[in-house]
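Laboratory data are not the source of any read-out in this text; all were calculated from the coordinates shown. Note that the structure is predicted; figures quoted are calculated from it, not measured. As a convention, Cβ positions derive from the backbone with ideal geometry for all residues, glycine included, and neighbour counts pool all protein chains shown.
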Amino acid sequence: MSVYKSCDKVPYTISIQFDANCVLNYDEMFRRRNYINRVSHHISVKYVGYEEKLTNKKQLIILQALKELRINKDPLIICGFNVMKSKNLFFDKLLYLEIKNSNYIKNIHFKVIELLHEETDIFLSSDLSSYVPHISCGRFVDDMSLRDLNDNFQTIVINHWDMVLHSSMKEIKIL
């Protein structure tokens, strides 16, 4: 799942998954410019724990708890590229697509933590006040220019999406 060398374990994640065609133009732009970056087609809402701890029993408990998640599936508005600056190697210099209505996704993040209680691990680098809803696009490299990337950016509105629990081995639709 992760392409970053600083990620030594693979987390399983609750994510908002959408059609990859929504961001295909930007993925193709990276290829044309010979960047190794790829635009993901999900927004991580909550890293839940590490894969080796995801037993069938724990998976059932998590899925049962998330049935209580009552949210409207509002459209997601993607407004441009940015770069994270973080002391955490996993996120530092991460190129990402910003989400205009990020407070909507932050609220989902907090609801998931509340619903899962002790069934989830807290990832201090990416939870609570550190949580930044985003669409990962790989590492920001020196020959990129944010201004250049954003000059040609057109707002993306994602109307159709699903909430999923996914690991490197499987993906289960939640809502």
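Structure data summary
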item: Restricting region 159-175 to residues that are in contact with a strand residue (DSSP E or B) (Cβ under 7 Å, 6 or more places away or on another chain) and of a type in the set (D, E, K, R), the residue that is farthest from ASN56 (Cα to Cα); result: ASP162
item: Residue tally, condition in contact with a helix residue (DSSP H, G or I) (Cβ under 9 Å, 6 or more places away or on another chain), closer than 14 Å to PHE140 by Cβ and surrounded by fewer than 16 Cβ atoms within 10 Å (Cβ to Cβ), over region 84-104; result: 1
item: Number of positions in region 141-175 that are loosely packed, with under 15 Cβ neighbours inside 10 Å, in a loop (DSSP other than H, G, I, E, B) and either hydrophobic (A, V, I, L, M, F, W, C) or in contact with a Pro (Cβ under 8 Å, 6 or more places away or on another chain) (or both); result: 4
item: Exclusive hit being more than 16 Å from the chain's Cα centre (by Cα) and surrounded by 13 or more Cβ atoms within 10 Å (Cβ to Cβ), set LEU76, LEU116; result: LEU116
item: Residue match in region 52-75 (condition: among the acidic types (Asp, Glu), without any contact (Cβ under 8 Å) to a residue 24 or more places away in the chain and within 30 Å of ASP148 (Cα to Cα)); result: no
